[in-house]
Number of protein chains: 4
Amino acid sequence: MLVVMNAHATDEQVRAVCKRIEELGFRAHPIPGAQRTAIGITGNEGEIEPGTLDELPGVVEVIRVSKPYKLVSRDVKEDPTIVRFKNGASIGGEELAIVAGPCAIESRKQAFAIAEHLAHQGVRFFRGGAYKPRTSPYSFQGLGEEGLKIMADIRDQFCLLIVTEAVDNESLDLVDHYADVIQIGARNMQNFSLLKKAGRAKKPVLLKRGMSATLEEFLMAAEYVMSEGNYNVILCERGVRTFADHTRNTLDLSVVPAVHRLSHLPILVDPSHGTGVRSKVTPLSRASVAVGADGLIVEVHNEPDRALSDGKQSLYLEQFDELIGQVRQIAPVVQRRVAPAGTVAARLDPASTR
Amino acid sequence: MLVVMNAHATDEQVRAVCKRIEELGFRAHPIPGAQRTAIGITGNEGEIEPGTLDELPGVVEVIRVSKPYKLVSRDVKEDPTIVRFKNGASIGGEELAIVAGPCAIESRKQAFAIAEHLAHQGVRFFRGGAYKPRTSPYSFQGLGEEGLKIMADIRDQFCLLIVTEAVDNESLDLVDHYADVIQIGARNMQNFSLLKKAGRAKKPVLLKRGMSATLEEFLMAAEYVMSEGNYNVILCERGVRTFADHTRNTLDLSVVPAVHRLSHLPILVDPSHGTGVRSKVTPLSRASVAVGADGLIVEVHNEPDRALSDGKQSLYLEQFDELIGQVRQIAPVVQRRVAPAGTVAARLDPASTR
Amino acid sequence: MLVVMNAHATDEQVRAVCKRIEELGFRAHPIPGAQRTAIGITGNEGEIEPGTLDELPGVVEVIRVSKPYKLVSRDVKEDPTIVRFKNGASIGGEELAIVAGPCAIESRKQAFAIAEHLAHQGVRFFRGGAYKPRTSPYSFQGLGEEGLKIMADIRDQFCLLIVTEAVDNESLDLVDHYADVIQIGARNMQNFSLLKKAGRAKKPVLLKRGMSATLEEFLMAAEYVMSEGNYNVILCERGVRTFADHTRNTLDLSVVPAVHRLSHLPILVDPSHGTGVRSKVTPLSRASVAVGADGLIVEVHNEPDRALSDGKQSLYLEQFDELIGQVRQIAPVVQRRVAPAGTVAARLDPASTR
Amino acid sequence: MLVVMNAHATDEQVRAVCKRIEELGFRAHPIPGAQRTAIGITGNEGEIEPGTLDELPGVVEVIRVSKPYKLVSRDVKEDPTIVRFKNGASIGGEELAIVAGPCAIESRKQAFAIAEHLAHQGVRFFRGGAYKPRTSPYSFQGLGEEGLKIMADIRDQFCLLIVTEAVDNESLDLVDHYADVIQIGARNMQNFSLLKKAGRAKKPVLLKRGMSATLEEFLMAAEYVMSEGNYNVILCERGVRTFADHTRNTLDLSVVPAVHRLSHLPILVDPSHGTGVRSKVTPLSRASVAVGADGLIVEVHNEPDRALSDGKQSLYLEQFDELIGQVRQIAPVVQRRVAPAGTVAARLDPASTR
């Protein structure tokens, strides 16, 4: 259910409605919009009896939400969600969010080499795995907290926001502490316990679509995070599993306009996992921007052939530069732009002539 | 196997090698390239003994082709195939091929109304079904030859090239007679009997990917057509079948760069069948061009809500104009262009002020 | 629409109703049942106006069929269809139909060796391909009519019914002439032109499920055959295409009870194509019978390692004997039986001591 | 790598080899077999140098295991694993393991009613969810520890072994405490953190196949559990996600013989989730036993129409009795048997005349 407040409703009126909802044993989720505030109501226990809230001061309307997802729905919040960060970057706004970096943090040297290159290209988000969910227990599983510390230093040095994956409660606490965006991986998209914990974290959550998740399941996973009170959720398409064998996964770009139609949440595309093949990453990055994605998440490595994981799908640094160049040209067609190269560096080093 | 002739080999030398191949009970497929001619060898009966052809005049090298497809392979023909048409249009070249029109030809009036609109937008290829493969025997199955005649008149009136589907031997003969491109639909991608017949037709063949065809199967289907001597094959991605239910099919755009890597054949994308939902056609058209497709095939209708088939996925005329406008902006990023609006009309009516 | 006649309706009354239907521009399909006759009405042109047929003599009721398939539906014919053959064999009755033989007829010697073995095991149906739909144009495509003649001789010699695939109009005419059951392969399940022609043939049709056909599409393909007047349709599950890679296809046994619920048509299972791996054929054959299939179609070869096609999935003769032995034990649990070993041979050679 | 000890190797020799392996920084997994002991070696850090272990007393051979899974592999342990329980029941042996019960524990009354019925049918394993991973955060999520306590009482009262799902670290500790088998659900099959924790638990682990897990991924998930030292892993096929829409999932029975070929671990089948439709559960149960599964896990409810979850796929009590009766008949064909009805009750109440 959704309570729509009138345009002039006071904060106090909103608080009063929320209080009433909580007294009835439900959760209230005030959602401020451009025109008015709405209040989502969620709860395990059925529905509030009709008429209970309609007459409270400031209430215009109480509406039933017929879709199984509520807080993620456009019905509940019409304006697109823009997740904003301290350094001025955002996800979901006019500027495309470019998230780039290695699959895994392997060493300080490797991570800094890549980060420096990316920062000079105008990238604002650095990705790197400290906890790697690997198919084999005998594969490299990431540097753990050591990797997080390296990334925290990268943030300080290059003014990059850190996006990294949490795989369980322990790592989630650490990621919440060290990083700027908590990534939930495809394999954990329906790890509801982890989703709820992410919903209680302070940082925005980047939620990757599961390998065989329907759109509804994907949105319901986001609903789990939001239902715990964390409204800064960013979705991410990363390819689904099909019979096709020319790429590791089949990138489903149609999900981007489908998400935008049903939900106010932003959605990125990960063409690196989406294809699993280096030569396909740039074409599919162009396509992702053209289809209307809110940004890209791309694996880049200074020495892909020596990468400890996912080397086959990681771009060489020069390939990434080419990708950014092409994406920059396409962005305006979809009313977007890419941050200019050198801007971050400029901010860090005002004397820079770049 | 593939015989590579030297750059200065004479036509006579090429003919002599072909003759020798045929005498050995195989088929020779001379493939002229920018630098040199190659001769593909195909046949049911094993391989030609090593050494048999190496010493013939003009032969540089005889190489085994390890992939199951031969004539479609980039190994055999490095330059991309450009299918050229009388009116100056082409598929596979710098100009994107825009194929548009209704799902089915329903009446002369409907078809002409749509065609006129498209011609003024610079479209050069008109699509429309005269033979419709329908899931139900009780659904509208197309106007048959009457539909072909209407399209032939459209060609004369609007200088549009006609692309239409053949579903069996009889309709293939008629399509070969009336139309400019013979479409083989997804359901017939492995109707090998029909593919062979298309391989003996005079007109280029547009081959749609089967609903669950792997890339190799798709290329092998093209090989069937080429092995019969028709080298003007145009591939078309139209979505594959997956568990995802937010679109009718899942459009697999990664197949475009994958085809371009393995084959010299051009590939179009059909976002109408690829999504089955009108509101997704324009975003996926942008993505298709951005990923590097050689063109688009799009369903457009003057009255989608009254269409006898596929109305849900057909664009309104104005939506198509918007699509073309957006695609026109993206094309240069991938070194392509879209024919300017009004050009066809201009050719037809030099006094036109449009 | 469906006209239900009363239990005592005369043949003349049935004919009169059919005549009226045809006069209205529709097709009438009289369907005799155990209790009463029903008359299915099909046609391209919409529906017959309510009230038109209700008052004709012998008519009990005129009902709309809400499902897109009509003639294949249990709504239209409650009793299961049993396809009966001259030599006493049947498909859909209490006796399981065991169809066995090589993938392709390679030579008279090979085919006879296999057939003799099978006949002694009580098998009543012999399968073998004369026209092979192969992924590559350069693979062995079958012996054609020569193969059909070999199979016709096998029928005479071993009292086996011949099941073989038709791939186009020409081969369908020949198969209809030489064989006992016309197989339509998975790749042609939506070759509607071929389905219609099979619907006008005299022999029963074995229709294999397409690689990615939904149940509804599968039943609609059968509807195409029936709508042309051939009511002897036998369905066949042969595996669908999925991401799973431990078998060539994923055998979907749940489709067997699903078909039996919605349709009166019998359904066989083909565990050879369904798995593509010899060691999986016997376990899945047991499972197919246990799930309730009306029979099996299995590839058997006297020398699988030398087979010209599908050797990897063909059983050795001894493996087939073991399979039959196991299936024979499971059959009674599902109220079925397998013809006893030696019966066919016994009929052919009354002096036999087997 | 795998160290094969000779048939007469002493325990001391085995211990000495293990000690050496640990000193080298690896983990040693002694695996006693019928004939000899083998020692699996696992570790994150590459391989032990050739020659290092070959000459230790009692060592016959040191072999490389080429497959990515080691401890789950038949190469490492030829004899099938039989998981044995205190009350004499086992999984993987001649007696089929029948695991039955409601989707979720809803109340003591409901759970006891169902358990009593099942115990009288000879069932030895009771399943019921206390922690339910639900697509929606607003759906019933299970009774939690209260549900576990109810099941513990059921064990005491009916001599049934308790199988129930753990969804995170906290619930895993509780399930390990209260239940007899720790179930890891399909959505958590690649929750590697949870798998490792299950690998350190005391109770056997029932690992369900992920919705789109390949066979290799499935076995690697089991390897995660085993690599932590818990060798009592039971696999479970529960349907995979495909395009097919006549069942909720597509039950992939071919995975049963495929698992048995590659691994020594037992595998059950869950036809309830595998089909999602009550009327398909019994036919697919028959098929599962016929294909060679080590047992079944089936949802049964005393009032399916009032079930708080999965009611549509839960059997009525009488339907379960019929299922057991049919399965009992098929079992001997695959050298299995089902525990006789009444045996458990008899043990509990020796005076019973049942």
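Tabulated data for the structure shown
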{"quantity": "Taking the C-alpha atoms of segment A:208-282, convex hull volume expressed per residue in Å³", "calculated": "83 Å³"}
{"quantity": "Environment charge at D:Arg209 (Cβ cut-off 12 Å; Lys +1, Arg +1, Asp -1, Glu -1)", "calculated": "-1"}
{"quantity": "Rg and Dmax of the protein assembly as shown, Cα atoms only, in Å", "calculated": "33.4, 107"}
{"quantity": "Where labels lie 7 Å past Cα in the beta-carbon direction, separation of B:Arg337 and A:Asp245 in nm", "calculated": "4.3 nm"}
{"quantity": "Solvent-free Debye scattering, log10 I(q)/I(0), computed from the Cα coordinates of segment C:1-135 at q = 0.16, 0.17 Å⁻¹", "calculated": "-0.83, -0.88"}
{"quantity": "Interchain or long-range residues, amide H under 5 Å from B:Leu207's placed H", "calculated": "B:Ile184, B:Ile234, B:Leu235, B:Cys236"}
{"quantity": "Over 32 Å [Cα-Cα, segment B:83-348], rounded percent", "calculated": "12 percent"}
{"quantity": "Furthest towards positive pole of dipole, A:Phe126, A:Asn232, A:Val175, structure part chain A, Cβ charges", "calculated": "A:Phe126"}
{"quantity": "At 1.306 mPa s and 10 °C, Stokes diffusion of segment D:190-348 via Kirkwood alpha-carbon radius, µm² per second", "calculated": "95 µm²/s"}
{"quantity": "Ranked by how many other beta carbons lie within 10 Å on average, peptides B:30-38, D:244-252 from highest", "calculated": "D:244-252, B:30-38"}
{"quantity": "Relative contact order [Cα under 8 Å, 6+ residues apart], chain D, whole percent", "calculated": "17 percent"}
{"quantity": "Ranked A:Ser66, A:Ser288, criterion: other C-beta atoms within 10 Å, fewest first", "calculated": "A:Ser66, A:Ser288"}
{"quantity": "Whole-angstrom gap from segment C:24-63 to segment D:49-63, using each part's C-alpha centre", "calculated": "82 Å"}
{"quantity": "Reciprocal mean inverse distance between Cα atoms of segment B:88-235 - Kirkwood radius, Å", "calculated": "15.4 Å"}
{"quantity": "CD proxy at 222 nm, helix term only [per DSSP H run n ≥ 4: -39500 (n - 2.57); per residue of the protein assembly as shown; nearest 500]", "calculated": "-10000 deg cm²/dmol"}
{"quantity": "C-alpha center-to-center spacing [segment B:207-235, segment A:226-240] in angstrom", "calculated": "40 Å"}
{"quantity": "Anisotropy class of segment B:3-44 from Cα gyration tensor, a/c 1.5 cut", "calculated": "oblate"}
{"quantity": "Span from the segment C:112-158 Cα centroid across to the segment A:278-298 one, whole angstrom", "calculated": "52 Å"}
{"quantity": "Most positive-pole-ward Cα, C:Ser272, C:Tyr316, C:Val338, against dipole of chain C from beta carbon charges", "calculated": "C:Tyr316"}
{"quantity": "Cα-centre dipole for the protein assembly as shown with unit charges at Cβ (Lys and Arg positive, Asp and Glu negative), debye to 20", "calculated": "20 debye"}
{"quantity": "Estimated distance in nm for a label pair at A:Ala34 and A:Glu22, the labels positioned 7 Å out from Cα along Cα-to-Cβ", "calculated": "3.1 nm"}
{"quantity": "Inter-chain Cβ neighbour average for residues A:233-246, partner chain, 10 Å", "calculated": "6"}
{"quantity": "Simple Cβ-charge dipole of chain C, Lys/Arg +1 and Asp/Glu -1, about Cα centre, in debye nearest 20", "calculated": "620 debye"}
{"quantity": "Chain C: antiparallel DSSP beta bridges as a percent of all, rounded to 5", "calculated": "40 percent"}
{"quantity": "Shielding by other protein chains, C:226-232, mean Cβ within 10 Å", "calculated": "1"}
{"quantity": "Two-site FRET efficiency, A:Ile63 against C:Arg84, from Cβ-Cβ distance with R₀ of 45 Å, rounded to 0.05", "calculated": "0.15"}
{"quantity": "Tail fraction, Cα-Cα pairs, segment C:1-78, threshold 16 Å, whole percent", "calculated": "42 percent"}
{"quantity": "Compactness of segment D:149-232 as Cα Rg over 2.2 N^0.38 Å, two decimals", "calculated": "1.08"}
{"quantity": "Shielding by other protein chains, A:289-296, mean Cβ within 10 Å", "calculated": "5"}
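Values in this text are rule-based calculations from the coordinates and carry no lab data. Computed from a predicted structure; not experimentally measured. Positions of Cβ are generated from backbone atoms using ideal geometry, with glycine treated the same way; all protein chains shown enter the neighbour counts.
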